[in-house]
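Have a look at the structure below, then the notes.
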Amino acid sequence: MSSQLITNIAQLVAVPPGPVSGDTFSHPPIIESAALLIENGTIAWLGKQQDAPTLTDAAETIDAKGGTVVPGLIDCHTHVVHAGSRENEFVQRIQGASYIEILEAGGGIKNSVRMLREATEDDLVAQARPRIERMMQWGVTTLEAKSGYGLSHEDELKTLRAIKRLNDDLSIEIVGTYLGAHTIPPEFDGKPDAYLDRMLDRDFLQTIVDEGLAEFADVFCERGAFNLDQARRFLETCKDAGLTPKIHSEQITRTGATKMAAQLGAISADHLEFVNDEDIAALQQSGTIPVVLPGCSFFLGSPPAPARRLIDAGLPVALATDLNPGSCTVEPLPLIMSMACTMLKMTPLEALVACTANAAAALGRADKIGAIAVGHRADVLILDMPNVNQWAYRVGVNGVARTIKN
Ligand code: NIG
Ligand code: FE
């Protein structure tokens, strides 16, 4: 048996298993002068250091040096596997063009599709690997990665296989999502339903499931992408094939997609900048996790989602980077936590819960990761800062002194 005892912890944030809402969301249990015991990669005990179990000879002691211990971060919404970059659009937007105007003129996501189709699976792995390694240095121990820049059978499979290889190669768990309905590729211009028929082909979806390439399916419901009926059809068919629905909803306009996805049993509804009371009520009646992405609002200069309203409605809000080449290039999840504090008026502790327990729930893994709880996987960060408030407050300073994965 292998065991490690982390001692000398100034603040242990014992985030409970997700989904976490209400008072616990704002005030997760904190143990001061704490210790944490890991056995065989699992959390075995936590409490006051003075009560720590006596160790066998085999145990290793890890000195947290008066730092903070929190669960490993979970980035539950990324497009980290993509080809090339789009800094020219960044400049166009500074000069007044909007995100949707660029997409509707054949740029945006469609530029990334052109670049990804020219890349090989090896190219995709080589480009994504350093991004993921940097994200890991900032404390991410699990991340979700979407396809959605291939938009053909061959190019979507190429992307999903690159995601699987990265999962196998790196010491981080990477969960794949089939985003076959990101936008309409040029060869199906004006024929969104014919495109969906193609991407919902039974054998093709079966290949994704059989090869274990994705657990989730996702659709961008928006002007320039798919309407409500098309989004519903895509998610229903994928769900029948064994892929759990997720959605990009109410990002730029209010479409009603959040309500549709919640009623369909989506595991998460992401973006939510333009949600209304009806959408919030639909989320309350479902188990759908609202995922808020303030990095997009920062990067696009657009209004952020009403996170405070969602939290005050008793919803287990999660946060993620949405790392992608068009609407947010922010890699560090702790920087998103700082944005959640300044832009969304979430407290640092709420931001932590949103990036751990609730992000785990958005990936269907809340019983295994995202918490400091006995029996949970030992994905743990030691911060060289005395509390979580300081972590979010020191914007852009990497507080991660040590990451323990499994
Ligand atoms: O989550 N909105 C749709 N998809 C991504 C952006 C994709 C891109 O611009 O490359 C998002 O914002
Ligand atoms: Fe996204």
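Points to keep in mind about this one:
- Taking the inverse of the mean 1/r over every pair of distinct Cα atoms in region 74-361 gives a Kirkwood hydrodynamic radius of 18.6 Å.
- Positive contributions from Lys and Arg (+1) and negative ones from Asp and Glu (-1), summed over other residues with Cβ under 15 Å from the Cβ of Arg134, come out at -1.
- Gyration tensor (alpha-carbon) shape descriptor, region 255-406, a/c threshold 1.5: oblate
- In region 233-344 the Cα-Cα distances spread across 10 Å bins starting at 0 as 15, 47, 32, 6, 0 percent of all pairs.
- Net charge of Cβ neighbours under 14 Å - reference Val330; Lys, Arg +1; Asp, Glu -1: -1
- Gyration tensor verdict on region 171-235 (Cα atoms; rounded if a/c is under 1.5, prolate if a/b is larger than b/c, oblate otherwise): prolate
- Within the shell of other residues whose beta carbon sits under 12 angstrom from the beta carbon of Asp279, the net charge comes to -1, with Lys and Arg scored +1 and Asp and Glu -1.
- Anisotropy class of region 13-65 from Cα gyration tensor, a/c 1.5 cut: prolate
- Placing unit charges on the Cβ atoms only, positive for Lys and Arg and negative for Asp and Glu, gives the chain a dipole magnitude near 600 debye about its Cα centre.
- On Cα atoms only, tilt of 121-137 relative to the major axis of the chain in degrees: 40 degrees
- Of the trypsin sites (Lys or Arg not before Pro) found in region 300-406, those that fall in a DSSP loop while having at most 14 other beta-carbon atoms within 10 Å are Lys345, Arg394.
- Fewest-first sequence of Trp138, Trp45 by Cβ atoms within 10 Å of each Cβ: Trp45, Trp138
- For the chain, modelled as a GNM whose springs connect Cα atoms under 10 angstrom apart, the maximal fluctuation among Pro294, Pro304, Pro29 occurs at Pro29.
- From helices alone, the chain scores -10500 deg cm²/dmol at 222 nm; the rule is -39500 (n - 2.57) for each run of n ≥ 4 DSSP H residues, then divide by the residue total.
- Between region 1-43 and region 236-275, the Cα center-to-center distance that results, in Å: 32 Å
Read-outs: derived from the displayed coordinates by stated rules, not from any lab. Values in this document were obtained by computation on a predicted structure and should not be read as measured data. Here the Cβ is made from the backbone with ideal geometry for all residues, glycine too, and neighbour counts use every protein chain on show.
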